[in-house]
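To start, the structure under review is shown below, and the notes come after it.
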Amino acid sequence: MNCELEHERIVAAAYGELADDHLHQLERHLAGCAECRREREQILALRVLADSYPVADPAPNLIARARLRLDEALDAQPPLGWRQRLMGLIRRNIGGLEAVPVAALLLLVVGVGAGAFGGYRMALYHAARAGAQPQAAATTVADTGSVTSNVATVSSIVRHPGTHIVDVSYKQLVPRQIEGSLDDPQIRQLLMMAAQNSTSAGVRDDSVGLLAAECRAGHGCQGEGIRDALMVALRYDKNAGVRQKALAGLAPYVSEDTRVRNAVLEALLNDSDPKIRSASISMLEPVEADTSVRQVLHSVSSTDTNPYIRNVSRQVLSQVPQIQ
């Protein structure tokens, strides 16, 4: 796994500057890399604390002095001697002469190699597809292996009334469907995939709603699984209803999991829906003595543009005299 590349994406995602396709790749990487998940939580925690402080613009005099010092430092650089300039000129000329035939040769070698490898891969693909064609008509999952490894997208989720049984329809080369209990690992994998990757807001809403209900009921909502999927939905889903359900599912874990606490603080600071921000304040009341929680509440109570959010934050802070 290329963790160095993912580190850059983690920082970009934390500030909302990562494209959606790269964001999905990052989430898939985080699902299997504990070290990168810890780094993301540290960066998000740092951002939460940083956002709680007002950002002051630099004074014009400071900018002017910095530019003057930069100009002085550049002027103080010693000029190159005639030998250094001559050697540089020779290296540039020789490099320019050698670059043309060498580059052409490299392009030729790379092109031949890529063509041969591409032909080989295409032959393997056609052979594998021809061998799998007789089995492509099946519409239900019969094997016990991983379902999500070949899933393109989840198209619908239907729960049987009064039971723990759900029907999950998903697409591979042909549409497929699997039925099972909410405790089934394959069903949970499909629900988590739908919560993060489905293009349908309705499917995401159904999957996040089921996952949140499982968490509220205490049914195996471990940190590296359903809980992570809900935090991703709370941070990144564009549908406010989906984010609100994800927030409700995380409520039981605010006290015990600092990652959940940071996700709720981030929602309080950045979410565009006042209902979600108000619900975040209520969820933080059990941990209002936490330093980061107090700092964020103080910042929101004095600088937030929404008067209702300011008042609710002040009410929560007033309940703990020692933090005033």
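The values are calculated or read from the model by the stated rules, or taken from the named source; none is laboratory data. Since this is a predicted model, take the numbers as computed values, not measurements. Quick reminder, even Gly has a Cβ in these numbers, built from the backbone with ideal geometry, and neighbours come from all protein chains shown.
In region 216-232, which residues are surrounded by fewer than 17 Cβ atoms within 10 Å (Cβ to Cβ) and among the hydrophobic types (A, V, I, L, M, F, W, C)?
Within region 216-232, the subset surrounded by fewer than 17 Cβ atoms within 10 Å (Cβ to Cβ) is 216-220, 222-225.
Within region 216-232, 217 is the sole residue that qualifies.
Just a yes or no: is a residue in region 176-183 at pLDDT 60 or above, among the acidic types (Asp, Glu), crowded, with 16+ Cβ neighbours inside 10 Å and not in a strand (DSSP E or B)? Can you show your working first?
Initially, region 176-183 is screened for residues at pLDDT 60 or above, giving 176-183.
After this cut, where a residue has to be among the acidic types (Asp, Glu) as well, the list is 179, 183.
Now restrict to residues that are crowded, with 16+ Cβ neighbours inside 10 Å: none.
No, because not a single residue in region 176-183 is at pLDDT 60 or above, among the acidic types (Asp, Glu), crowded, with 16+ Cβ neighbours inside 10 Å and not in a strand (DSSP E or B).
Looking at this structure, is residue 292 without any contact (Cβ under 8 Å) to a residue 24 or more places away in the chain, in contact with a Leu (Cβ under 9 Å, 6 or more places away or on another chain) and part of a helix (DSSP H, G or I)? First the steps, then the outcome.
Working: without any contact (Cβ under 8 Å) to a residue 24 or more places away in the chain: no; in contact with a Leu (Cβ under 9 Å, 6 or more places away or on another chain): yes; part of a helix (DSSP H, G or I): yes.
Against the criterion (without any contact (Cβ under 8 Å) to a residue 24 or more places away in the chain, in contact with a Leu (Cβ under 9 Å, 6 or more places away or on another chain) and part of a helix (DSSP H, G or I)), residue 292 does not qualify.
For residues in region 233-260 being within 16 Å of the chain's Cα centre (by Cα) and outside any helix (DSSP H, G or I), which is surrounded by the fewest Cβ atoms within 10 Å (Cβ to Cβ)?
238
Does region 191-201 contain any residue that is surrounded by 13 or more Cβ atoms within 10 Å (Cβ to Cβ), modelled with pLDDT of 80 or more, touching a strand residue (DSSP E or B) at 6+ places or on another chain (Cβ under 9 Å) and of a type in the set (S, T, N, Q)?
No, region 191-201 has no match at all.
Could you check how many residues of region 266-276 are over 25 Å from residue 222 (Cα atoms) and assigned to a helix (DSSP H, G or I)?
So the answer is 4.
Does any residue in region 1-30 that is loosely packed, with under 13 Cβ neighbours inside 10 Å come within less than 8 Å, Cβ to Cβ, of a residue that is among the small types (Gly, Ala, Ser) six or more places away or on a different chain, and which pairs are these?
Matching pairs, first to second residue: 1/32.
Checking the conditions here, which among 279, 263, 213, 194 is closer than 18 Å to residue 41 by Cα, among the small types (Gly, Ala, Ser) and part of a helix (DSSP H, G or I)? Working first, answer last.
Values: 279 fails: closer than 18 Å to residue 41 by Cα; 213 fails: closer than 18 Å to residue 41 by Cα; 194 fails: closer than 18 Å to residue 41 by Cα.
One residue alone meets the criteria, 263.
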